[in-house]
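Below is one structure; the comments refer to it alone.
The values are calculated or read from the model by the stated rules, or taken from the named source; none is laboratory data. Here the structure is a predicted model, which means the values were calculated and not measured. Cβ atoms come from the backbone with ideal geometry, glycine included; neighbour counts cover every protein chain shown. Note: accessible area is taken over every heavy atom of the protein model, side chains too, but ligands, DNA and RNA are not part of it. Shrake-Rupley method; radii C 1.70, N 1.55, O 1.52, S 1.80 Å.
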Amino acid sequence: MRTRIHHETWHPVPPRATLPPLLRPWLTDPASLTARIKARCGRFAVRVLRQGLGQAQRDEAAVLGLRPGERVWVREVLLMADGRPVVFARSLLPRANVRGAWNLFHGLGARPLGAALFADPAIARSPLTCARLDRRDARYHRASAVLASATSAGVLGHDLWGRRSLFRLHGRALMVSEFFLPAIFDLSQ
């Protein structure tokens, strides 16, 4: 008999019992995360970590309707507020969706994806879902490693809360996931 591996569960509403109260507004605000961060800091920047073909996690592939092993375009960035990383963001675009509808994905560079997504009225967003990731999840380890290389603060010492949604343009989906790093609490005040 195979043992079922526990994976994170994505919820439409963050569970109150385990969520730090200051994080709730960040997880549930359907407006642009980029705009929310910009309003709370003096200097906003995007640090591109990776952009190219890669693998989706199993839960991501299921939401995007990918075949097992199907490669996707992956963009990983840090959203920086006053020089400190506050969000690790991961965007996934099925290769079939790169041409045409989501052509903007290629020429983005260090510009925030959120600004482009919220500027186009033809783009529809699905409701946000959220999850708490721990050491069993590859995204937790990626965010922890990125945080360690970007700051002297070291790696994540606790679970990682994130949110995600699908953006659709002409029926083609782009998944955006945003994981909140410890410095986000400094912007909540």
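Scanning the stretch 71-109 for residues that are among the charged types (D, E, K, R) and at pLDDT 80 or above yields Arg71, Arg75, Glu76, Asp82, Arg84, Arg90, Arg95.
Can you find even one residue in the stretch 59-72 that is over 15 Å from Arg164 (Cβ atoms), assigned to a strand (DSSP E or B) and basic (Lys, Arg)? There is at least one residue in the stretch 59-72 that is over 15 Å from Arg164 (Cβ atoms), assigned to a strand (DSSP E or B) and basic (Lys, Arg).
Check whether at least one residue in the stretch 110-124 is modelled with pLDDT under 90, touching a helix residue (DSSP H, G or I) at 6+ places or on another chain (Cβ under 9 Å), closer than 24 Å to Ala39 by Cα and among the charged types (D, E, K, R), and report yes or no. Among the residues of the stretch 110-124, at least one is modelled with pLDDT under 90, touching a helix residue (DSSP H, G or I) at 6+ places or on another chain (Cβ under 9 Å), closer than 24 Å to Ala39 by Cα and among the charged types (D, E, K, R), which makes the answer yes. Any residue at all in the stretch 2-19 that's modelled with pLDDT of 90 or more, within 16 Å of the chain's Cα centre (by Cα), of a type in the set (Ser, Thr, Tyr) and surrounded by 10 or more Cβ atoms within 10 Å (Cβ to Cβ)? No, the stretch 2-19 contains no residue that is modelled with pLDDT of 90 or more, within 16 Å of the chain's Cα centre (by Cα), of a type in the set (Ser, Thr, Tyr) and surrounded by 10 or more Cβ atoms within 10 Å (Cβ to Cβ). Within the stretch 25-55, if we keep just the residues that are open to solvent by 50 Å² or more (accessible area, probe 1.4 Å) and basic (Lys, Arg), the residue that is farthest from Gly83 (Cα to Cα) turns out to be Arg50.
Of all residues in the stretch 35-52, those that are part of a loop (DSSP other than H, G, I, E, B) have Cβ atoms under 6 Å from Cβ atoms of residues that are surrounded by fewer than 16 Cβ atoms within 10 Å (Cβ to Cβ), 6 or more apart or on another chain, in Cys41/Asp82; Gly42/Asp82; Arg43/Asp82.
Can you tell me which residue in the stretch 161-175 is nearest to the chain's Cα centre (by Cα), limited to those that are among the hydrophobic types (A, V, I, L, M, F, W, C) and more than 13 Å from Ala61 (Cα to Cα)? Outline the logic, then answer.
Of the stretch 161-175, the ones among the hydrophobic types (A, V, I, L, M, F, W, C) are 161, 166-167, 169, 173-175.
So of that shortlist, the ones also more than 13 Å from Ala61 (Cα to Cα) come out as 161, 167, 169.
On the way: Trp161: 10, Phe167: 12, Leu169: 18 Å.
Top of the filtered list is Trp161.
For residues in the stretch 58-72 being touching a residue at least 40 places away in the same chain (Cβ under 8 Å) and open to solvent by less than 30 Å² (accessible area, probe 1.4 Å), which is farthest from Arg136 (Cα to Cα)? Here the residue is Leu64. Look at Ala131 and say whether it is modelled with pLDDT of 90 or more, farther than 25 Å from Ala45 by Cβ, open to solvent by 50 Å² or more (accessible area, probe 1.4 Å) and not aromatic (Phe, Trp, Tyr). Considered against the rule, which asks whether it is modelled with pLDDT of 90 or more, farther than 25 Å from Ala45 by Cβ, open to solvent by 50 Å² or more (accessible area, probe 1.4 Å) and not aromatic (Phe, Trp, Tyr), Ala131 comes out as no.
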